[in-house]
Amino acid sequence: MTIFADIWRLPGPGGFVQEVARLARGGQHVLAIVPKYVAEESEYSDALAVAILNELGESRRVFPNAKVGGLAGAFGFEVSDDFDRYPTTVPELINHVDVVGRTFVCNTRDLDPAHLAELPTFLSRLDDESRPVPRTDRGTMIFILSSDLVPHDAESVATARLWYWDRVARWDVAALLASQTSWHRVSGVLGEVRLETIIEIARWDFILALDIAHEWTHDEFELSVILDRHAANVPASTVVRRTAQKEPPELNLTAWDQGLVEAWHGEPGYKPATLPSTDRRLERLLWSAQARVLLPWIEIRRVSIERLVLEKLGSRRMESAVRELATSYPGAEDDSTVVEIALLARIIAVRLGNAEPRLRTTARVLRDARNKLAHLTPLPSGHLDRMISECAWLDEVGG
(Lines give C-alpha, C1' and ligand atoms only; values in the text may rest on other atoms or scores of the structure.)
Protein backbone atom coordinates (compact mmCIF):
# COMPACT_ATOMS: atom_id res chain seq x y z
CA MET A 1 0.00 0.00 0.00
CA THR A 2 2.86 2.38 0.78
CA ILE A 3 4.25 2.39 -2.77
CA PHE A 4 0.84 3.04 -4.32
CA ALA A 5 0.10 5.79 -1.82
CA ASP A 6 3.45 7.37 -2.73
CA ILE A 7 2.56 7.24 -6.43
CA TRP A 8 -0.62 9.29 -5.99
CA ARG A 9 1.35 11.93 -4.09
CA LEU A 10 3.73 12.54 -7.01
CA PRO A 11 3.24 15.75 -9.07
CA GLY A 12 1.70 14.08 -12.16
CA PRO A 13 -0.63 11.52 -10.53
CA GLY A 14 -1.25 13.97 -7.70
CA GLY A 15 -2.41 16.54 -10.26
CA PHE A 16 -5.03 14.02 -11.41
CA VAL A 17 -6.23 13.64 -7.82
CA GLN A 18 -6.42 17.41 -7.39
CA GLU A 19 -8.37 17.84 -10.62
CA VAL A 20 -10.90 15.19 -9.56
CA ALA A 21 -11.38 17.01 -6.27
CA ARG A 22 -11.68 20.39 -7.98
CA LEU A 23 -14.44 19.16 -10.29
CA ALA A 24 -16.30 17.57 -7.38
CA ARG A 25 -16.06 20.77 -5.33
CA GLY A 26 -17.59 22.55 -8.31
CA GLY A 27 -20.67 20.35 -7.99
CA GLN A 28 -20.11 17.84 -10.78
CA HIS A 29 -20.17 14.09 -10.43
CA VAL A 30 -16.77 12.82 -11.59
CA LEU A 31 -15.89 9.68 -13.50
CA ALA A 32 -12.17 9.20 -12.79
CA ILE A 33 -11.26 6.91 -15.68
CA VAL A 34 -8.08 4.88 -15.20
CA PRO A 35 -6.56 2.05 -17.27
CA LYS A 36 -7.62 -1.46 -16.33
CA TYR A 37 -4.22 -2.36 -14.92
CA VAL A 38 -4.84 0.37 -12.33
CA ALA A 39 -8.58 -0.18 -11.86
CA GLU A 40 -8.26 -3.94 -11.38
CA GLU A 41 -5.28 -3.81 -9.02
CA SER A 42 -7.03 -3.40 -5.68
CA GLU A 43 -4.12 -1.68 -3.89
CA TYR A 44 -3.51 0.71 -6.79
CA SER A 45 -7.12 1.87 -7.16
CA ASP A 46 -7.72 1.80 -3.42
CA ALA A 47 -4.78 4.16 -2.90
CA LEU A 48 -6.33 6.50 -5.48
CA ALA A 49 -9.63 6.49 -3.59
CA VAL A 50 -7.82 7.30 -0.35
CA ALA A 51 -5.85 10.10 -2.05
CA ILE A 52 -9.07 11.67 -3.37
CA LEU A 53 -10.69 11.44 0.05
CA ASN A 54 -7.65 13.09 1.65
CA GLU A 55 -7.68 15.85 -0.97
CA LEU A 56 -11.39 16.57 -0.45
CA GLY A 57 -11.35 16.43 3.32
CA GLU A 58 -15.15 16.52 3.83
CA SER A 59 -16.13 13.34 1.98
CA ARG A 60 -17.03 9.73 2.53
CA ARG A 61 -16.17 6.48 0.82
CA VAL A 62 -19.01 4.07 0.04
CA PHE A 63 -18.96 0.28 -0.26
CA PRO A 64 -22.28 -0.75 -1.87
CA ASN A 65 -23.36 -4.22 -0.79
CA ALA A 66 -25.31 -6.38 -3.25
CA LYS A 67 -27.14 -8.09 -0.40
CA VAL A 68 -29.26 -4.98 0.16
CA GLY A 69 -30.57 -4.76 -3.39
CA GLY A 70 -29.81 -2.87 -6.58
CA LEU A 71 -27.08 -0.28 -6.93
CA ALA A 72 -29.23 2.74 -6.03
CA GLY A 73 -30.51 0.95 -2.94
CA ALA A 74 -27.05 -0.17 -1.93
CA PHE A 75 -25.79 3.41 -2.28
CA GLY A 76 -28.71 4.65 -0.22
CA PHE A 77 -27.88 2.23 2.56
CA GLU A 78 -24.32 3.60 2.59
CA VAL A 79 -25.11 7.32 2.62
CA SER A 80 -27.99 7.53 5.09
CA ASP A 81 -29.72 5.50 7.79
CA ASP A 82 -33.07 6.73 6.46
CA PHE A 83 -32.93 4.47 3.39
CA ASP A 84 -34.34 1.39 5.03
CA ARG A 85 -36.81 0.61 2.26
CA TYR A 86 -35.84 -0.66 -1.17
CA PRO A 87 -35.53 0.10 -3.95
CA THR A 88 -34.20 3.60 -3.34
CA THR A 89 -34.69 5.89 -6.35
CA VAL A 90 -31.87 7.96 -7.85
CA PRO A 91 -33.68 11.28 -7.19
CA GLU A 92 -34.02 10.30 -3.54
CA LEU A 93 -30.35 9.36 -3.48
CA ILE A 94 -29.07 12.74 -4.65
CA ASN A 95 -31.61 14.99 -2.91
CA HIS A 96 -31.71 13.47 0.56
CA VAL A 97 -30.85 15.78 3.44
CA ASP A 98 -27.96 13.53 4.44
CA VAL A 99 -26.56 13.72 0.90
CA VAL A 100 -26.95 17.37 -0.12
CA GLY A 101 -23.64 19.24 -0.07
CA ARG A 102 -21.59 16.11 0.54
CA THR A 103 -19.24 14.13 -1.72
CA PHE A 104 -19.09 10.35 -1.87
CA VAL A 105 -16.27 8.30 -3.41
CA CYS A 106 -16.77 4.84 -4.90
CA ASN A 107 -13.98 2.61 -6.19
CA THR A 108 -15.76 0.31 -8.63
CA ARG A 109 -13.21 -2.37 -7.77
CA ASP A 110 -15.31 -2.78 -4.61
CA LEU A 111 -18.51 -3.58 -6.55
CA ASP A 112 -19.69 -7.14 -7.07
CA PRO A 113 -20.46 -8.43 -10.62
CA ALA A 114 -24.19 -7.65 -10.39
CA HIS A 115 -23.59 -4.03 -9.44
CA LEU A 116 -20.85 -3.67 -12.09
CA ALA A 117 -23.32 -4.80 -14.75
CA GLU A 118 -25.80 -2.23 -13.50
CA LEU A 119 -23.27 0.61 -13.23
CA PRO A 120 -23.41 2.15 -16.76
CA THR A 121 -27.20 2.45 -16.58
CA PHE A 122 -26.97 3.84 -13.04
CA LEU A 123 -24.44 6.48 -14.14
CA SER A 124 -26.65 7.58 -17.04
CA ARG A 125 -29.63 7.87 -14.72
CA LEU A 126 -27.54 9.75 -12.14
CA ASP A 127 -26.54 12.26 -14.80
CA ASP A 128 -30.09 12.68 -16.14
CA GLU A 129 -31.60 13.22 -12.70
CA SER A 130 -28.82 15.62 -11.62
CA ARG A 131 -28.99 18.02 -14.57
CA PRO A 132 -32.12 19.94 -13.54
CA VAL A 133 -31.14 20.07 -9.85
CA PRO A 134 -29.03 23.02 -8.67
CA ARG A 135 -25.62 21.91 -7.42
CA THR A 136 -26.35 23.37 -4.02
CA ASP A 137 -29.43 21.13 -3.68
CA ARG A 138 -27.83 17.74 -4.24
CA GLY A 139 -24.84 15.57 -3.42
CA THR A 140 -21.82 14.75 -5.56
CA MET A 141 -20.40 11.34 -6.40
CA ILE A 142 -16.96 10.28 -7.63
CA PHE A 143 -16.41 6.93 -9.34
CA ILE A 144 -13.01 5.35 -10.00
CA LEU A 145 -13.54 3.07 -12.97
CA SER A 146 -12.21 1.69 -16.23
CA SER A 147 -13.40 2.92 -19.62
CA ASP A 148 -15.62 -0.10 -20.36
CA LEU A 149 -17.93 0.94 -17.50
CA VAL A 150 -18.43 4.50 -18.78
CA PRO A 151 -21.73 5.12 -20.61
CA HIS A 152 -21.44 7.04 -23.88
CA ASP A 153 -23.73 9.84 -22.68
CA ALA A 154 -22.21 10.29 -19.24
CA GLU A 155 -20.65 13.74 -19.69
CA SER A 156 -22.65 16.91 -19.20
CA VAL A 157 -22.93 19.95 -16.95
CA ALA A 158 -23.71 17.49 -14.15
CA THR A 159 -21.02 14.86 -14.82
CA ALA A 160 -17.37 15.24 -15.79
CA ARG A 161 -15.19 12.53 -17.31
CA LEU A 162 -11.53 12.77 -16.38
CA TRP A 163 -9.02 10.42 -17.98
CA TYR A 164 -5.75 9.31 -16.42
CA TRP A 165 -3.95 9.99 -19.70
CA ASP A 166 -0.71 11.91 -20.22
CA ARG A 167 -0.36 12.39 -16.47
CA VAL A 168 3.07 10.91 -15.72
CA ALA A 169 6.38 12.61 -16.53
CA ARG A 170 9.96 11.45 -16.17
CA TRP A 171 10.45 13.47 -12.99
CA ASP A 172 7.56 11.57 -11.38
CA VAL A 173 9.33 8.26 -11.99
CA ALA A 174 12.66 9.73 -10.89
CA ALA A 175 11.11 11.03 -7.66
CA LEU A 176 9.59 7.65 -6.82
CA LEU A 177 12.86 5.82 -7.50
CA ALA A 178 14.81 8.36 -5.46
CA SER A 179 12.51 7.72 -2.49
CA GLN A 180 13.27 4.00 -2.57
CA THR A 181 16.78 4.10 -1.07
CA SER A 182 17.10 0.31 -0.92
CA TRP A 183 17.97 0.07 -4.62
CA HIS A 184 20.76 2.68 -4.58
CA ARG A 185 23.90 0.69 -5.37
CA VAL A 186 25.77 3.48 -7.14
CA SER A 187 25.92 7.24 -6.90
CA GLY A 188 27.30 10.14 -8.87
CA VAL A 189 27.20 10.06 -12.65
CA LEU A 190 26.83 6.26 -12.69
CA GLY A 191 23.74 6.61 -10.54
CA GLU A 192 22.36 9.28 -12.87
CA VAL A 193 22.93 7.10 -15.95
CA ARG A 194 21.31 4.16 -14.19
CA LEU A 195 18.30 6.27 -13.22
CA GLU A 196 17.84 7.64 -16.73
CA THR A 197 18.17 4.15 -18.22
CA ILE A 198 15.41 2.79 -15.99
CA ILE A 199 13.14 5.72 -16.84
CA GLU A 200 13.86 5.35 -20.56
CA ILE A 201 12.82 1.70 -20.44
CA ALA A 202 9.86 1.79 -18.03
CA ARG A 203 8.52 5.25 -18.87
CA TRP A 204 5.17 5.69 -17.04
CA ASP A 205 5.12 2.20 -15.49
CA PHE A 206 6.10 2.87 -11.86
CA ILE A 207 5.99 -0.77 -10.82
CA LEU A 208 8.19 -1.88 -13.71
CA ALA A 209 10.65 0.92 -12.91
CA LEU A 210 10.89 -0.29 -9.32
CA ASP A 211 11.30 -3.91 -10.44
CA ILE A 212 14.16 -3.02 -12.80
CA ALA A 213 15.78 -0.85 -10.13
CA HIS A 214 15.82 -3.74 -7.67
CA GLU A 215 16.88 -6.44 -10.16
CA TRP A 216 19.41 -4.71 -12.42
CA THR A 217 22.97 -4.17 -11.26
CA HIS A 218 25.16 -2.73 -14.02
CA ASP A 219 25.41 -5.34 -16.75
CA GLU A 220 23.92 -4.86 -20.24
CA PHE A 221 23.19 -8.57 -20.69
CA GLU A 222 21.35 -8.68 -17.38
CA LEU A 223 19.24 -5.75 -18.52
CA SER A 224 18.52 -7.52 -21.81
CA VAL A 225 17.22 -10.55 -19.92
CA ILE A 226 14.92 -8.32 -17.84
CA LEU A 227 13.60 -6.64 -20.99
CA ASP A 228 12.90 -9.97 -22.69
CA ARG A 229 10.92 -11.07 -19.66
CA HIS A 230 8.73 -7.98 -19.80
CA ALA A 231 8.20 -8.03 -23.58
CA ALA A 232 4.50 -8.24 -24.45
CA ASN A 233 2.36 -9.13 -27.42
CA VAL A 234 1.91 -5.61 -28.73
CA PRO A 235 -1.32 -5.18 -30.73
CA ALA A 236 -0.92 -4.79 -34.45
CA SER A 237 -2.53 -1.32 -34.43
CA THR A 238 -0.28 1.69 -34.67
CA VAL A 239 -0.32 4.49 -32.13
CA VAL A 240 -2.48 7.46 -33.10
CA ARG A 241 0.03 10.27 -32.67
CA ARG A 242 -2.15 13.28 -31.96
CA THR A 243 -0.90 15.55 -29.25
CA ALA A 244 -2.97 17.61 -26.80
CA GLN A 245 -5.49 14.80 -26.36
CA LYS A 246 -7.46 14.49 -23.13
CA GLU A 247 -8.04 10.77 -23.53
CA PRO A 248 -6.43 7.79 -25.30
CA PRO A 249 -7.38 7.31 -28.96
CA GLU A 250 -10.11 4.70 -29.37
CA LEU A 251 -7.81 2.64 -31.59
CA ASN A 252 -5.32 2.32 -28.72
CA LEU A 253 -7.77 1.96 -25.84
CA THR A 254 -7.08 -1.74 -25.28
CA ALA A 255 -3.31 -1.18 -25.27
CA TRP A 256 -3.75 1.72 -22.85
CA ASP A 257 -5.80 -0.50 -20.53
CA GLN A 258 -2.89 -2.97 -20.54
CA GLY A 259 -0.31 -0.27 -19.82
CA LEU A 260 1.32 -0.69 -23.24
CA VAL A 261 0.41 2.73 -24.67
CA GLU A 262 0.45 6.11 -22.97
CA ALA A 263 1.21 9.73 -23.74
CA TRP A 264 4.73 10.46 -22.51
CA HIS A 265 5.41 14.19 -22.27
CA GLY A 266 2.56 14.77 -24.72
CA GLU A 267 3.72 12.19 -27.27
CA PRO A 268 1.64 8.97 -27.50
CA GLY A 269 3.66 5.79 -27.91
CA TYR A 270 4.35 2.23 -26.80
CA LYS A 271 6.29 1.47 -23.64
CA PRO A 272 9.81 0.51 -24.81
CA ALA A 273 10.06 -2.43 -22.41
CA THR A 274 7.10 -4.18 -24.04
CA LEU A 275 8.19 -3.83 -27.67
CA PRO A 276 9.38 -6.95 -29.53
CA SER A 277 13.08 -7.59 -29.00
CA THR A 278 15.39 -6.40 -31.76
CA ASP A 279 19.15 -6.23 -32.08
CA ARG A 280 19.24 -2.46 -31.59
CA ARG A 281 16.32 -1.91 -29.22
CA LEU A 282 18.36 -2.06 -26.03
CA GLU A 283 21.21 -0.17 -27.69
CA ARG A 284 18.92 2.73 -28.58
CA LEU A 285 17.48 2.90 -25.07
CA LEU A 286 20.91 2.83 -23.44
CA TRP A 287 22.20 5.51 -25.79
CA SER A 288 19.26 7.81 -25.15
CA ALA A 289 19.72 7.56 -21.39
CA GLN A 290 23.51 7.96 -21.54
CA ALA A 291 23.39 10.90 -23.94
CA ARG A 292 21.02 12.82 -21.66
CA VAL A 293 23.47 12.54 -18.75
CA LEU A 294 26.92 12.12 -20.26
CA LEU A 295 27.04 14.76 -23.00
CA PRO A 296 26.69 17.63 -20.49
CA TRP A 297 29.01 15.77 -18.09
CA ILE A 298 31.69 15.44 -20.79
CA GLU A 299 31.31 19.09 -21.80
CA ILE A 300 31.92 20.26 -18.23
CA ARG A 301 35.15 18.27 -18.13
CA ARG A 302 36.16 19.46 -21.60
CA VAL A 303 36.01 23.02 -20.27
CA SER A 304 38.20 22.01 -17.34
CA ILE A 305 40.77 20.39 -19.64
CA GLU A 306 40.80 23.44 -21.91
CA ARG A 307 41.48 25.64 -18.88
CA LEU A 308 44.34 23.41 -17.70
CA VAL A 309 45.91 23.31 -21.18
CA LEU A 310 45.63 27.07 -21.47
CA GLU A 311 47.36 27.49 -18.10
CA LYS A 312 50.23 25.23 -19.17
CA LEU A 313 50.73 26.62 -22.70
CA GLY A 314 49.77 30.24 -22.25
CA SER A 315 47.46 32.19 -24.54
CA ARG A 316 49.90 32.69 -27.40
CA ARG A 317 51.01 29.06 -27.67
CA MET A 318 47.42 27.87 -27.25
CA GLU A 319 46.18 30.08 -30.09
CA SER A 320 49.06 28.92 -32.27
CA ALA A 321 48.27 25.25 -31.55
CA VAL A 322 44.62 25.73 -32.37
CA ARG A 323 45.44 27.43 -35.69
CA GLU A 324 48.03 24.84 -36.66
CA LEU A 325 46.19 21.69 -35.62
CA ALA A 326 42.61 22.70 -36.41
CA THR A 327 43.10 21.82 -40.10
CA SER A 328 43.08 18.15 -39.13
CA TYR A 329 40.09 18.76 -36.84
CA PRO A 330 37.94 21.24 -38.78
CA GLY A 331 35.14 21.02 -36.23
CA ALA A 332 37.01 23.65 -34.22
CA GLU A 333 36.42 26.17 -37.02
CA ASP A 334 32.67 26.10 -36.48
CA ASP A 335 33.01 28.24 -33.33
CA SER A 336 36.31 29.90 -32.51
CA THR A 337 35.32 30.20 -28.85
CA VAL A 338 35.11 26.42 -28.39
CA VAL A 339 38.04 24.04 -28.67
CA GLU A 340 36.44 20.64 -29.15
CA ILE A 341 37.67 17.66 -27.15
CA ALA A 342 39.18 15.96 -30.21
CA LEU A 343 41.32 19.03 -30.95
CA LEU A 344 42.25 19.37 -27.27
CA ALA A 345 43.42 15.75 -27.20
CA ARG A 346 45.55 16.42 -30.27
CA ILE A 347 47.04 19.64 -28.79
CA ILE A 348 47.94 17.82 -25.58
CA ALA A 349 49.61 14.98 -27.50
CA VAL A 350 51.61 17.31 -29.77
CA ARG A 351 52.44 20.22 -27.46
CA LEU A 352 52.65 18.55 -24.04
CA GLY A 353 53.33 14.92 -24.92
CA ASN A 354 54.72 12.71 -22.17
CA ALA A 355 55.02 15.64 -19.80
CA GLU A 356 51.31 15.37 -18.97
CA PRO A 357 50.34 11.68 -19.22
CA ARG A 358 47.30 11.96 -16.98
CA LEU A 359 45.91 14.94 -18.89
CA ARG A 360 46.58 13.21 -22.21
CA THR A 361 44.83 9.98 -21.14
CA THR A 362 41.81 11.82 -19.76
CA ALA A 363 41.37 13.87 -22.94
CA ARG A 364 41.56 10.73 -25.09
CA VAL A 365 38.99 8.90 -22.95
CA LEU A 366 36.60 11.84 -23.15
CA ARG A 367 37.20 12.16 -26.89
CA ASP A 368 36.40 8.49 -27.50
CA ALA A 369 33.27 8.65 -25.35
CA ARG A 370 32.08 11.84 -27.06
CA ASN A 371 32.61 10.28 -30.48
CA LYS A 372 30.64 7.17 -29.59
CA LEU A 373 27.71 9.13 -28.23
CA ALA A 374 27.78 11.50 -31.22
CA HIS A 375 27.33 8.46 -33.48
CA LEU A 376 24.37 7.10 -31.46
CA THR A 377 26.46 4.36 -29.86
CA PRO A 378 26.12 3.72 -26.12
CA LEU A 379 29.18 3.21 -23.96
CA PRO A 380 29.72 -0.34 -22.65
CA SER A 381 29.74 -0.53 -18.86
CA GLY A 382 33.51 -1.12 -18.83
CA HIS A 383 34.15 1.96 -20.97
CA LEU A 384 31.87 4.03 -18.77
CA ASP A 385 33.60 2.88 -15.60
CA ARG A 386 37.01 3.68 -17.06
CA MET A 387 35.97 7.14 -18.21
CA ILE A 388 34.63 8.06 -14.78
CA SER A 389 37.75 6.68 -13.10
CA GLU A 390 40.11 8.55 -15.45
CA CYS A 391 38.24 11.82 -14.89
CA ALA A 392 38.05 11.62 -11.09
CA TRP A 393 41.17 13.76 -10.65
CA LEU A 394 39.54 16.62 -12.56
CA ASP A 395 36.93 16.92 -9.83
CA GLU A 396 39.70 17.07 -7.24
CA VAL A 397 41.35 20.03 -8.98
CA GLY A 398 38.09 21.86 -9.41
CA GLY A 399 36.89 20.27 -12.69
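The values are calculated or read from the model by the stated rules, or taken from the named source; none is laboratory data. Given the structure is predicted, the values throughout are model-derived calculations rather than measurements. Positions of Cβ are generated from backbone atoms using ideal geometry, with glycine treated the same way; all protein chains shown enter the neighbour counts.
One residue stands out among those in the range 34-52 that are surrounded by fewer than 23 Cβ atoms within 10 Å (Cβ to Cβ) and among the β-branched types (Val, Ile, Thr): the one that is farthest from residue 99 (Cα to Cα), which is 38.
Matching residues to (1) in contact with a Gly (Cβ under 6 Å, 6 or more places away or on another chain); (2) farther than 24 Å from residue 35 by Cβ; (3) of a type outside the set (Gly, Ala, Ser):
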site: 115; (1), (2), (3): no, no, yes
site: 120; (1), (2), (3): no, no, yes
site: 129; (1), (2), (3): no, yes, yes
site: 132; (1), (2), (3): no, yes, yes
site: 135; (1), (2), (3): yes, yes, yes
site: 139; (1), (2), (3): no, yes, no
site: 144; (1), (2), (3): no, no, yes
site: 149; (1), (2), (3): no, no, yes
site: 153; (1), (2), (3): no, no, yes
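Counting only helices (runs of 4 or more DSSP H) that fall entirely inside the range 34-93 and contain at least 2 residues that are within 28 Å of residue 166 (Cα to Cα) and aliphatic (A, V, I, L, M), the qualifying elements are 36-39, 42-56. Restricting attention to the range 347-366, the residues that are among the basic types (Lys, Arg), out of contact with any Leu (no Cβ under 8 Å at 6 or more places or on another chain) and either surrounded by 17 or more Cβ atoms within 10 Å (Cβ to Cβ) or part of a loop (DSSP other than H, G, I, E, B) (or both) total 1. Number of residues in the range 170-192 that are surrounded by fewer than 18 Cβ atoms within 10 Å (Cβ to Cβ), modelled with pLDDT of 85 or more and charged (D, E, K, R) equals 1. One residue stands out in the range 137-164 among those that are modelled with pLDDT under 90 and surrounded by fewer than 18 Cβ atoms within 10 Å (Cβ to Cβ): the one that is farthest from residue 286 (Cα to Cα), namely 157. Exactly one residue among 167, 203 is basic (Lys, Arg) and at pLDDT below 95, and that residue is 203. Scanning the range 267-294 for residues that are farther than 30 Å from residue 253 by Cβ and surrounded by 14 or more Cβ atoms within 10 Å (Cβ to Cβ) turns up 283, 286, 287, 290, 291, 292, 293, 294.
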